[in-house]
Amino acid sequence: HQCSLHVAMSPYLVACMLLVAVGISTLKQSSKFSMSRMFAVALGLLPDDRDRVGEQVDSLQVVGAGLPRTGTASLRAALEELGFRSYHMEEVMTSPESAKIWRDFALGTASFDTVANHLLAHGFNATVDAPTYHFYDELLLRFPEAKVILSVRDSSQDWAKSIVNLDSMMEPTRHFPLSGFEPFKTMNVLSDYLASKCRFRPRFRRPFEPEQEWLASFYDDWIGHVKKTVPSEKLLIFNMKQGWSPLCEFLQLSVPSEPFPHENASAELKVLGHVFNFIRFTWPFHLYLLWRSLKQTLHSLFGEKVKSS
């Protein structure tokens with residue numbers, strides 16, 4: 001029996017070691033704003049070395065209206081280089097307080113003012129990425145002096161492909177066992193309920209319409225919606241490939257000597273997707289190994305007592 005167990009475990013252990021090796025390699029090569037590092041911190045695998053609470057501010061100065069996967073991590077890094085403190089999805093994933101406030105808002109037990117006050121109380125004077133991009137218009141109403149940055153990709157098709165890859169990576173987190181743990185628990189609640197609170201209403205996907213085609217249409221509609229609802233003098237439509245010049249000119253700041261940051265998570269999405277899928281489909285084997293280990297421990301403990309008596 002032990003021999004057959006070892007044979008069964010061999011490919012499993014090899015797969016585990018390969019995933020661990022690839023994961024460690026990815027983390028070593030990642031920056032402090034990378035997606036793999038964000039998940040590692042959120043899951044408690046790495047220490048959180050970022051200060052999550054800053055000195056309270058009175059208002060937001062920059063509001064990000066760009067969709068996820070439009071270079072929002074790069075924009076966040078750039079804004080922080082310029083001296084802003086940017087609120088990003090990472091805060092929801094790594095801060096229980098932020099997660100609770102957004103869950104409460106999504107479920108209707110807290111107002112958006114509660115969310116906005118939370119940002120100010122924690123010293124954030126800029127926002128990028130989800131979940132705040134949904135409510136750029138609400139933020140602009142409350143902070144009319146803020147400037148809006150709409151981050152964009154080269155084309156709607158590029159964005160659609162990137163979102164399909166992101167969705168593929170996140171799919172395992174919507175199922176047991178990962179769906180029962182943070183940060184995936186909160187992320188799934190936001191995914192299910194948050195869009196309904198947004199003023200933007202995308203068109204329904206037509207029967208048999210290819211997913212990427214509908215996503216590309218969604219992207220174009222979102223860009224049009226933002227352009228229509230934000231005064232042109234307050235709006236910068238920004239592709240990360242443009243670098244510092246248009247961003248600094250818009251914000252009336254000097255261009256830093258550092259190169260413009262480019263956080264590309266494409267490779268990390270694949271690694272994370274493999275890890276999440278591995279956990280999703282092999283968790284019963286984890287329980288089986290735990291049960292066998294517990295059984296052998298109990299047998300060795302109580303078996304010895306029975307023999308000695």
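The values are calculated or read from the model by the stated rules, or taken from the named source; none is laboratory data. What you see is a predicted model; the values in this text were computed from it and never measured. Methodologically, a virtual Cβ is constructed for each residue, glycine included, from the backbone with ideal geometry; neighbour enumeration extends over all protein chains shown. Surface accessibility is based on the protein's heavy atoms, side chains included, excluding ligands, DNA and RNA. Shrake-Rupley method; radii C 1.70, N 1.55, O 1.52, S 1.80 Å.
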Would you confirm whether any residue within region 249-269 is in contact with a Ser or Thr (Cβ under 6 Å, 6 or more places away or on another chain), modelled with pLDDT of 85 or more, surrounded by 17 or more Cβ atoms within 10 Å (Cβ to Cβ) and not in a loop (DSSP other than H, G, I, E, B)? no
Hits in region 217-241 (condition: of a type in the set (Ser, Thr, Tyr) and open to solvent by less than 30 Å² (accessible area, probe 1.4 Å)): Ser217, Tyr219
Regarding Leu79, is this residue modelled with pLDDT of 75 or more and surrounded by 12 or more Cβ atoms within 10 Å (Cβ to Cβ)? yes
Check region 100-109 and report whether any residue there is under 30 Å from Pro284 (Cβ atoms), among the basic types (Lys, Arg) and either surrounded by fewer than 16 Cβ atoms within 10 Å (Cβ to Cβ) or in contact (Cβ under 8 Å) with a residue 12 or more places away in the chain (or both). yes
Considering only region 176-193, state which residues are outside any helix (DSSP H, G or I) and either open to solvent by 60 Å² or more (accessible area, probe 1.4 Å) or farther than 18 Å from Ala42 by Cα (or both). Phe176, Phe181, Glu182
If I filter region 195-205 for residues that are among the hydrophobic types (A, V, I, L, M, F, W, C), over 20 Å from Ala65 (Cβ atoms) and assigned to a helix (DSSP H, G or I), do I get at least one hit? no
Within region 126-144, track down each residue that is touching a Ser or Thr at 6+ places or on another chain (Cβ under 7 Å) and open to solvent by 20 Å² or more (accessible area, probe 1.4 Å). Asp137
